[in-house]
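Comments concern the structure below.
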C-alpha cells in the first residue's frame, strides 16, 4: 500500500476532481455533412472521412444531420 502525505493526497484528489468535472461537462461531438471530392456523395459523420472528403455543412445535433446547432 502506498502512503501519501497530506499534500500529495490533496493534489491527487484535486487532479481527480478536475478530470471528473471536465469529462462531465463535455457534450457530444457535433455532426457534419461531408461531400466526396470524387463523386459528390454526401454522408453525415462526426469526424473527417479522409483526404477525399470535404465538409459541406454543419454542425448538426443529430446523426441524420437535420437539426442545426444554434450559435450561442
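In 10 Å bins starting at 0, how do the alpha-carbon pair distances of the chain split up by percent?
18, 27, 19, 14, 14, 7, 1
Among 26, 41, 14, which one moves the most in a GNM of the chain with springs linking Cα atoms closer than 10 Å?
14
Please compute the contact order of the chain in relative form: average sequence separation of alpha-carbon pairs under 8 Å and at least six residues apart, divided by the residue count, as a percent. Could the numbers behind the result be given before it?
Working: 81 pairs, mean separation 17.4, N = 72.
About 24 percent, as a whole number.
For the chain, take the longest principal axis of its alpha carbons; what is the angle in degrees between that and the long axis of helix 6-25, to the nearest 10 within 0 to 90?
Once rounded, one gets 20 degrees.
Where a number appears in this text, it was derived from the coordinates with a stated rule and is not lab data. From a predicted model like this one, the values you see are computed outputs, not experimental measurements.
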